[in-house]
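Right, one structure below, let's go through it.
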Amino acid sequence: MTDIPQAATPAFATTDLCDDNEPLLATGELRVLPPAFRAWGRHARFAGPVATVRCDDDNSMVRKALETPGQGRVLVVDGGGSLRCALLGGNLAVLAEKNGWAGVLVDGCVRDTAEIDACRLGVRALAAHPRRSDRRGSGEREVSVEICGVKIAPGDWCYADADGVVIADRALHPV
């Protein structure tokens, strides 16, 4: 694998983002995901503009998205909360790292967690699952999704750290 420079992890805390932006919480311009996500990858804290995938037990579109230059973005995968198979594994995590993605948020499962933990990437998912997904070529990219009742659109900003995951309509920290 070619060692490409990685962007520095931005300095922020999700707690501070919530405290400093209470009016945005009230209007829905800042949204907090439920505390349902586990962390993997070497970056415990990550942030970036959102790209989206919606898929149903088929990670074909996840691969297509991660094959593109990430440019510090966060891929949000709406897997419908499925616990039937993994939508991200070690190979895709390495691909995401190589292509400059800041992180991946999966409303579903991951696998090959030791491989994911070795990547300079932030990953959040509901659980680990040993079964790989189907590969039917189905799914959608760059569409508005809903994760655990929270609406997320391409171009929103995702911030994740040890205290949780927040979604904002715009960047809330110096970039």
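The values are calculated or read from the model by the stated rules, or taken from the named source; none is laboratory data. All values derive from a computational prediction rather than experimental measurement. Methodologically, a virtual Cβ is constructed for each residue, glycine included, from the backbone with ideal geometry; neighbour enumeration extends over all protein chains shown.
A few points about this structure:
- Evaluating G48 against the criteria (1) assigned to a loop (DSSP other than H, G, I, E, B); (2) among the small types (G, A, S); (3) touching a residue at least 60 places away in the same chain (Cβ under 8 Å) leaves one unmet condition, (1).
- Exactly one residue among V76, V53 is within 18 Å of V150 (Cα to Cα), buried (at least 23 other Cβ atoms within 10 Å of the Cβ), β-branched (V, I, T) and touching a Ser or Thr at 6+ places or on another chain (Cβ under 7 Å), and that residue is V76.
- Applying a threshold of 9 Å to beta carbon distances and a minimum spacing of six or more residues, or different chains, the list of pairs starting in the stretch 95-124 at a residue that is over 22 Å from P35 (Cα atoms) and ending at one that is of a type in the set (K, R) and assigned to a helix (DSSP H, G or I) reads L95/R63.
- Count of the stretch 97-141 residues, restricted to those that are of a type in the set (D, E, K, R), in contact with a strand residue (DSSP E or B) (Cβ under 9 Å, 6 or more places away or on another chain) and either buried (at least 18 other Cβ atoms within 10 Å of the Cβ) or within 22 Å of A162 (Cβ to Cβ) (or both), is 5.
- For the stretch 139-148, the criterion of being out of contact with any Cys (no Cβ under 7 Å at 6 or more places or on another chain) and among the polar types (S, T, N, Q) is satisfied by at least one residue.
- L126 vs. criteria in a strand (DSSP E or B) and either over 13 Å from G79 (Cα atoms) or at pLDDT 95 or above (or both): yes
- Screening Q71 against (1) in contact with a strand residue (DSSP E or B) (Cβ under 6 Å, 6 or more places away or on another chain); (2) under 22 Å from A153 (Cβ atoms); (3) not small (G, A, S) leaves a single unmet condition, (1).
- Among the residues making up the stretch 52-67, a single one is over 15 Å from the mean Cα position of the chain (by Cα) and hydroxyl-bearing (S, T, Y): S60.
- Cβ-Cβ contacts under 8 Å between residues 6 or more apart (or on different chains), taken from a first residue in the stretch 126-150 that is closer than 13 Å to D58 by Cβ to a second residue that is modelled with pLDDT of 95 or more and surrounded by fewer than 12 Cβ atoms within 10 Å (Cβ to Cβ), are absent.
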